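*Asks:* Below: one structure in structure tokens.
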Amino acid sequence: MAKIQTKYVCQSCGYSSPRWVGKCPNCSEWNTFVEEAPAPIRAVRKTGVPSTLEPVSLDTVEQEDVPRIRTTIQELDRVLGGGIVPGSLLLLGGDPGIGKSTLMMQAALALKDTVVLYVTGEESVRQIKLRAERLERTSTKHVLLLAETNLDLILDVIERGSPDVLVIDSIQTMFRPGLESAPGSVSQVRESTALLLRLAKTKGIPIFIIGHVTKEGMIAGPKVIEHMVDCVLQFEGEVHYSYRILRALKNRFGSTNEIGIFEMHDTGLREVQNASEVFLSERHAGFSGSTVVASMEGTRPILLEVQALVSTSNYGMPQRNSTGVDFRRLALLLAVLEKRVGLNLGQQDVFVNVAGGIRIEEPAVDLGIASSIVSSLRDVSVDASSVAVGEIGLGGEIRTVGHIDKRVQEAAKLGFKRFVLPKSNVRNLKQNGDIELIPVERIEQAIEALLGESK
Ligand code: TYD
Ligand code: MG
């Protein structure tokens, strides 16, 4: 009898090796190799029938406007690029307990005139019912539940009566009985996704796949399925805050810049549309170390509070810590402040935090971070009616930022009186009624405008 050849597959990246290894040579993860039986390879023979396949010219392809399915959850629709595209395969990833199942159930309930099949491999039908009841929705008839993990059986059910939308909760619990490896392993996840992809494309059913994030911060097997799906959504948030952010990491039918903001209540997720008001609601004006910045999240401006705390370090190695902003960006700004403004931060611990658990990636908030640090160091508060934006260059110059009109409008709308912005931005700004614009060219100048003359 021929010996069955097994191989060892890295559960993090899918790399395979004929023998077990401790550290993956491809992705450098430790202890990720699991023995798996290879999928049977059938001989592929070229058929004798001459193919009638013809390529078509791009010109002759008719464009059809596929209507998107709107979930009526605006924050979700926007991240999807205006609704669900029929026949698309979507992956929703996130930490356990962040609210993926809740979001999907809410979307299913909101899709009133469509039949949604919710397949769960993690919870019982009764548990799902309990959750749905908390969500307080009137119509629940159109949502069908199925507690099953065998994908072949699930496909049989779909053959018999096709739903309009399918939700798979979660891909790590699904398995194909033909494969020997355990559910959740790379080959099972890959095979199951490939099967769902075929289903989505042939039947035109949009399919949401829920995937867990492992402790390394990646959906198990994400690299092996991310390229197969049309859209990768990530649901994130800090455990101690009730805010949840939905981001599109990949979207074949829309932009990846948009975010959706939700708040978790005891009756499910609630959309947050007036984000600036919510994030500034706990601000206490008059404390040192706090600056309001106007950040862009996709096409939407959001006002946020950047806080800093600078205190004398008691140890030889002063600490630097950042939550919500990039750590390396903080290090760079501290160096610029030392060199260009002449601050002495070598013996100071510096902590920076964005209030509300939001993460900001754009450099336009540099000025806000810098002014909060200076404010805390000097113990002088930043003018409470001011908003600041500007990227800081290594020379201490304040550089142009994008979407200045929207940022200024948002600040004016929320009643702020002064707006500190890069001088180069003023040219292409249409005058905005009620807010005083303070153009600055250098960091020293900006800090003076925000903190006043006091040293
Ligand atoms: P869940 O959707 O089960 O998370 P996931 O599928 O991502 O693992 O939601 C988990 C958390 O959400 C749970 O800790 C309870 C909380 N929650 C609420 O606070 N309010 C609610 O209405 C619901 C349904 C859940
Ligand atoms: Mg869940």
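The values are calculated or read from the model by the stated rules, or taken from the named source; none is laboratory data. The structure presented is a predicted model; accordingly, all values stated were derived computationally and were not measured. No Cβ is skipped: glycine too gets one built from the backbone with ideal geometry, and neighbour counts run over all protein chains shown. Side chains are part of the model used for accessible areas, which takes the heavy atoms of the whole protein and leaves out ligands, DNA and RNA. Shrake-Rupley method; radii C 1.70, N 1.55, O 1.52, S 1.80 Å.
*Asks:* Restricting to the range 98-109, give me the number of residues that are near ligand 2 (Cβ under 10 Å from one of its atoms) and part of a helix (DSSP H, G or I).
*Replies:* Total satisfying the criteria: 6.
Per-residue answers, yes or no, for (1) closer than 18 Å to Pro422 by Cβ; (2) touching a residue at least 24 places away in the same chain (Cβ under 8 Å):
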site: Pro301; (1), (2): yes, yes
site: Ala308; (1), (2): no, yes
site: Met317; (1), (2): no, no
site: Leu333; (1), (2): yes, yes
site: Val341; (1), (2): yes, yes
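*Asks:* Here is a further query. Which one of these does Leu89 not meet: (1) within 16 Å of ligand 1 (Cβ to nearest atom); (2) within 19 Å of Ile210 (Cα to Cα)?
*Replies:* (1)
*Asks:* Which one of these does Glu258 not meet: (1) among the acidic types (Asp, Glu); (2) assigned by TED's automatic domain parsing to the domain that holds Gly415; (3) crowded, with 20+ Cβ neighbours inside 10 Å?
*Replies:* It is condition (2) that Glu258 fails.
*Asks:* Right, next: Going by the conditions given, is Leu179 within 29 Å of the chain's Cα centre (by Cα) and either open to solvent by 60 Å² or more (accessible area, probe 1.4 Å) or hydrophobic (A, V, I, L, M, F, W, C) (or both)?
*Replies:* For Leu179, the condition - within 29 Å of the chain's Cα centre (by Cα) and either open to solvent by 60 Å² or more (accessible area, probe 1.4 Å) or hydrophobic (A, V, I, L, M, F, W, C) (or both) - is not met.
Every residue, every condition in (1) modelled with pLDDT of 85 or more; (2) surrounded by 10 or more Cβ atoms within 10 Å (Cβ to Cβ), yes or no:
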position	(1), (2)
Ala2	no, no
Gln11	no, yes
Ser16	yes, yes
Gly22	yes, no
Val34	no, yes
Pro40	no, no
Thr47	no, no
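*Asks:* (1) assigned to a loop (DSSP other than H, G, I, E, B); (2) more than 16 Å from ligand 1 (Cβ to nearest atom); (3) touching a Leu at 6+ places or on another chain (Cβ under 9 Å): which one isn't true of Lys112, the others all being true?
*Replies:* With (1) assigned to a loop (DSSP other than H, G, I, E, B); (2) more than 16 Å from ligand 1 (Cβ to nearest atom); (3) touching a Leu at 6+ places or on another chain (Cβ under 9 Å) applied to Lys112, the lone miss is (3).
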